[in-house]
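The values are calculated or read from the model by the stated rules, or taken from the named source; none is laboratory data. What you are looking at is a predicted structure, and each value in this text was computed from that prediction instead of being measured. So basically every Cβ, Gly included, is an ideal-geometry build from the backbone, and we count neighbours across all protein chains shown. Quick note on the areas: whole protein, heavy atoms, side chains included, nothing else; ligands and nucleic acids left out. Shrake-Rupley method; radii C 1.70, N 1.55, O 1.52, S 1.80 Å.
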Amino acid sequence: MTTWVPTAFRTHTLGELQANGADLIDKEVTVIGFAERIAGKKVCFIDLRDGTGKTQVFIKKENIGEDAFDTVIRTTRESTLQFTGTVALKRPPKVKEGEPTPPPAYEVVASSVNVIARAQAPLPLGVTDKVNVELSTRLDNRFMDLRRSHVNAMFRLRGKVLQFGREHLISEGFFETHTPKIVATATEGGADLFPMQFYDRPAFLNQSPQLFKQLCMSGGLERVFEIGPAFRAEQSDTYRHLAEFISFDIECSWANDDDVMGVLERMIHHIWKSVAEEEEAQALIATINAYRSEQNAYLAEQGEDLEQAEDPVEIIVPELPFPRIEYDEAIRIIKERGGTIEWGDDIDAENSDLLAQDLPQFYFLPRWPMSLKPFYIHQIEGENGSTGQQLSRGFDLNFGRDEMTSGGQREHRIDVLVENLKSMDLNPEEFEFYVAGFRHGVPPHAGWGLGVERILMALTGANNVRETVLFPRDLNRYCP
Ligand code: AMO
């Protein structure tokens with residue numbers, strides 16, 4: 001439950017007014033918001049919207065004065081207006097026989113108005129219109145797109161997902177940290193780095209907190225998590241790649257790959273369960289679903305392509321433990337289903353589709369070949385895959401065809417770590433700040449990094465990762 005504290009501009013939020021309307025009847029309130037609809041010439045109804053909800057405001061000349069009345073009816077949609085007035089029960093809508101009666105709604109009968117900021121017409125895009133708007137137009141005018149209730153709900157839901165993720169990790173003894181985003185060396189490989197100027201020296205935007213979260217383990221911090229930006233100069237212009245994403249990372253001492261897979265599945269289970277059970281989260285999903293079903297009906301009516309239509313969100317709380325399909329097994333399944341792949345190959349999108357045929361939800365892919373994993377991943381001593389190649393303690397977590405997370409147990413033995421760097425054509429001297437952390441005693445440790453936007457896609461069924469980012473950065477976009 002939120003405690004809304006009055007501000008300089010309002011005594012109540014509009015959401016609060018609807019939730020507590022029964023206690024506010026006949027009381028004076030000041031409310032403020034965007035004028036979504038202004039209807040009527042003799043008496044006028046304004047649908048006012050703020051970030052928490054909507055309320056109808058009723059004005060007539062006798063109450064508000066002729067000049068103020070004329071100003072309001074001539075005001076443009078989406079202008080910001082402030083009203084003072086008394087709360088009244090709104091006349092209930094007529095319902096057909098057999099239909100449920102909606103809960104009581106409340107309105108404000110205004111006695112004064114302030115036009116705070118008038119909206120220029122035309123609007124760059126409609127807030128309540130059904131017309132399908134291209135994603136690029138929406139992103140160019142994101143501030144206006146965010147006023148649409150289902151888009152607004154998506155970002156509130158994103159906040160909830162992070163909140164539930166955080167609270168779960170804290171309950172398992174992790175605490176939140178931050179690592180630098182300006183770095184001197186690559187973490188995940190050299191190709192997709194954004195170079196930058198650091199005073200008079202070259203530097204990069206960090207691709208992952210990897211090396212620093214590992215140094216936290218060397219420093220005895222034991223269980224840390226970080227939610228922060230990661231930058232990748234991706235050359236792929238796809239529905240799931242961003243140039244800047246939020247990486248949700250953990251690192252955990254005295255633990256191996258199996259241990260941190262457990263942390264991950266328990267956290268995801270907690271997020272899904274909380275979203276399914278928490279009242280506010282359910283209301284956000286209802287808003288998204290109401291939009292999707294209206295929009296899909298409209299598209300069908302217009303005879304438009306339904307390829308891009310999104311199904312209503314259905315939260316299926318995943319059962320624990322998640323299935324574990326070892327890499328070896330995954331290759332066998334893909335081959336069996338006619339995929340072109342050899343042991344030692346990465347699993348591309350097409351082959352992921354084959355694998356996901358009977359795995360539409362979450363599943364782990366543990367024990368990848370060492371040759372496909374970065375230098376910091378631990379080998380499985382003495383264990384090779386079916387073709388005799390070295391296996392690793394690296395894993396992925398997929399949701400259907402899409403990768404959500406990579407992680408693994410880390411190599412903590414300095415001699416092996418240095419050998420790994422060399423064998424992957426990296427210069428240990430450039431990683432001295434990192435290698436030094438392994439020289440004076442270090443806990444065995446493991447961790448993972450999860451793409452926040454990808455998890456939001458999995459939760460909401462959004463068909464483009466950009467739906468889950470306020471201001472996406474990708475191959476073609478860095479403004480606004
Ligand atoms: P990896 O490179 O697999 O692993 O990244 C971890 C997760 O981050 C997300 N992700 C992305 N999301 C959107 N756009 C991108 N361009 C993008 N790149 C990655 C994915 C991916 O699974 N250091 C390791 C993690 C670890 O071992 O702890 C790492 O960064 O969801």
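When the C-alpha to C-alpha distance is required to be over 32 Å, the pairs from Lys54/Lys181; Lys181/Lys373; Lys94/Lys160; Lys160/Lys213; Lys54/Lys96 that qualify are Lys54/Lys181; Lys94/Lys160.
Listed peptides 388-396, 82-90, 6-14 appear in the order 388-396, 82-90, 6-14 once ranked by packing, highest mean of other Cβ atoms within 10 Å at the front.
In this Cβ point-charge picture (+1 for Lys and Arg, -1 for Asp and Glu), the chain has a dipole of about 2060 debye about its Cα centre.
Computed over the chain, the per-residue total of -39500 (n - 2.57) for DSSP H runs of n ≥ 4 gives a 222 nm mean residue ellipticity of -9000 deg cm²/dmol, rounded to 500. Placing Phe225, Phe204 in order of accessible area, with the largest value first and a 1.4 Å probe, yields Phe204, Phe225. Ordering Pro312, Gln18, His178 by the projection of their Cα atoms onto the charge dipole of the chain, which places +1 on the Cβ of Lys and Arg and -1 on the Cβ of Asp and Glu, puts Gln18 at the extreme positive end.
Surface composition of the range 354-480: carbon and sulfur make up 51 percent of the accessible area, probe 1.4 Å. Pairs of Cα atoms nearer than 8 Å and 6+ residues apart set the relative contact order; for the range 94-189 it is 14 percent.
Distance between the C-alpha centres of the range 364-378 and the range 214-236: 18 Å, rounded to the whole angstrom.
Relative to the dominant Cα principal axis of the chain, helix 414-423 is inclined by about 80°. Each label was represented as a point 7 Å from its Cα along the Cα-to-Cβ direction; for Thr128 and Glu381 these points are 6.9 nm apart. Taking amide H positions as modeled 1.01 Å from N, with prolines and chain starts lacking one, the residues under 5 Å from Lys90 and 5 or more places away or on another chain are Ala105, Tyr106, Glu107. Taking the 0 to 90 degree range and rounding to the nearest ten, how far is the long axis of helix 149-171 tilted relative to the main principal axis of the chain, both from C-alpha atoms? Taking Cα atoms only, the helix is inclined about 50 degrees.
Over all distinct Cα pairs, what is the inverse of the mean 1/r for the chain, reported as the Kirkwood hydrodynamic radius in Å? Write out the running numbers ahead of the final one.
Numbers: mean 1/r = 0.0390 Å⁻¹.
After inverting the mean inverse Cα-Cα distance, the result is 25.6 Å.
Between Asn463 and Asp67, full extension at 0.36 nm per residue minus the direct alpha carbon distance yields a gain of 137.7 nm.
Classify the range 75-205 as rounded, prolate or oblate, taking a ≥ b ≥ c as the square roots of the eigenvalues of its Cα gyration tensor: rounded when a/c is under 1.5, otherwise prolate if a/b is larger than b/c and oblate if not. Cα axes put the range 75-205 in the prolate bin. Measuring with a 1.4 angstrom probe and ignoring ligands and nucleic acids, Tyr376 comes out at about 10 Å² accessible. From the alpha carbon centroid of the range 257-297 to that of the range 394-444 is 32 Å.
May I ask you to give the solvent-accessible area per residue for the chain, in square angstrom, as obtained with a 1.4 angstrom probe?
Result: 49 Å² per residue.
Between Ala283 and Ser423, the contour length at 0.36 nm per residue exceeds the Cα-Cα span by 45.1 nm. Each Cα pair under 8 Å and six or more residues apart adds its sequence gap; the mean of these over the residue count of the chain is a relative contact order of 13 percent. Farthest towards the positive end of the charge dipole of the chain, among the residues Gly388, Phe194, Val131, is the Cα of Val131, using unit charges on the Cβ of Lys, Arg, Asp and Glu. Computed 3J(HN,Hα) for the range 75-84, one whole-Hz value per residue from the Karplus formula 6.51 cos²θ - 1.76 cosθ + 1.60 where θ = phi - 60°, is 6, 7, 4, 6, 5, 9, 10, 10, 10, 10, glycine and proline marked x.
Since only Ala300, Ala281, Gly338 are under comparison, the one whose Cα sits farthest along the positive direction of the charge dipole of the range 277-343, derived from C-beta charges on Lys, Arg, Asp and Glu, is Gly338. Multiplying the residue separation of Ala8 and Val43 by 0.36 nm and removing their Cα-Cα distance gives an extension gain of 9.7 nm. Net charge of the neighbourhood of Leu211, taken over other residues with C-beta under 12 Å away and scored Lys/Arg +1, Asp/Glu -1, is -3.
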